[in-house]
1. Based on what the data block shows, is residue 63 out of contact with any Asp or Glu (no Cβ under 9 Å at 6 or more places or on another chain), surrounded by 11 or more Cβ atoms within 10 Å (Cβ to Cβ) and at pLDDT 90 or above?
2. Any chance the range 75-90 includes a residue that's assigned to a helix (DSSP H, G or I), of a type in the set (Asp, Glu) and modelled with pLDDT under 70?
3. Find all pairs meeting these conditions: Cβ atoms under 9 angstrom apart; at least six residues apart or on different chains; first residue within the range 183-200 and within 11 Å of residue 72 (Cα to Cα); second residue part of a helix (DSSP H, G or I) and modelled with pLDDT under 80.
4. Scan the range 27-37 and give yes if some residue there is under 29 Å from the mean Cα position of the chain (by Cα) and aliphatic (A, V, I, L, M), otherwise no.
5. From the list 211, 236, 246, 204, which one is closer than 22 Å to residue 166 by Cβ and touching a residue at least 60 places away in the same chain (Cβ under 8 Å)?
6. Report whether or not residue 184 is surrounded by 14 or more Cβ atoms within 10 Å (Cβ to Cβ) and part of a helix (DSSP H, G or I).
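The values are calculated or read from the model by the stated rules, or taken from the named source; none is laboratory data. Computed from a prediction, not measured in an experiment: that's the story for all the values here. Heads up, the Cβs are rebuilt from the backbone with ideal geometry, glycines too, and the neighbour counts pull from every protein chain shown.
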Amino acid sequence: MTRQGWGRAVLVVLVVALPVGRWLALRTADRAWAESVGASATLGAIANLRLAIVALVFVSAAVWAIGNLYLVYRSIGSVHVPRRLGNIEIVEAVPRRILQIIMLALGLSVAALLSVRTGDWWREFALLGARGGGDIRDPVLGRDLGYYLFTLPWQHRVEGLLTSLVGVVLALTALLHGLIGAVRWTAGRLETTDLARAHLATQLALFATVLFVGYRLDPLEYVAGLHDVPYDAVLLEVRLPVAALLSGLALAAGITSLVWVRLGRAAVAGVPWV
């Protein structure tokens, strides 16, 4: 290996070793504290729960991201890269195995980025399904206190994850479809292939569905204080009606996105999104 290669290898090792070393130091400190207070079993159960949540989120995100990127890969005929040999320019086809590796790396990167901090959700998951406060209801929406304490925090986490996952994968696939020419702007109109239109329309409809769920949860999150919104006239007269309006627009956007598959006119799908 050359000196430059050794330098890169050392740099990679340092980049990996620093966060891993920090993680090991924190876990060692936690383990020592747990042993000092006799809570080793509890700490172990929490660690297992954290690992299970991270693994579940990573696998789910990877399956969704890689599956959608694979559909883009299947629509690629060939990719050519220009190269120069002296004064001669040649065009070389990129092997499909390289394209597969790129798609796989993109999907795994998305999954890793979205799952990196999900282990901190163990508290919300542990509270899920608990009971209590059923006799106390909020004066705005009439939901019982137990829902706000034990169920809504987990729903808030999951909805945020789904919004990020579906949105990021949608943006990636739209970009890739554009790069390979399956989506292009011609004479002031958006033109797509049938496969790209069906793929993007389905993702848009799913993204609209996730947004719809999020807007339906917003009033509950306002009341619970998750958005640090004061209980005042603005909440009752502005925020709650706006959340209802946005949920209706999200529902309309999902429907028109599916209609886009049949009609083939991007303007139909774009109106609610605008």
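1. So residue 63 fits the description; yes.
2. There is no residue in the range 75-90 that is assigned to a helix (DSSP H, G or I), of a type in the set (Asp, Glu) and modelled with pLDDT under 70.
3. 195/75; 196/75; 199/75; 200/269
4. No, the range 27-37 has no match at all.
5. None of the others qualify; the one that does is 204.
6. When the stated conditions are applied, residue 184 does not pass them.
Table: residues versus (1) small (Gly, Ala, Ser); (2) part of a helix (DSSP H, G or I); (3) at pLDDT below 90.
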site	(1), (2), (3)
166	no, yes, no
198	yes, yes, yes
207	no, yes, no
244	yes, yes, no
256	no, yes, yes
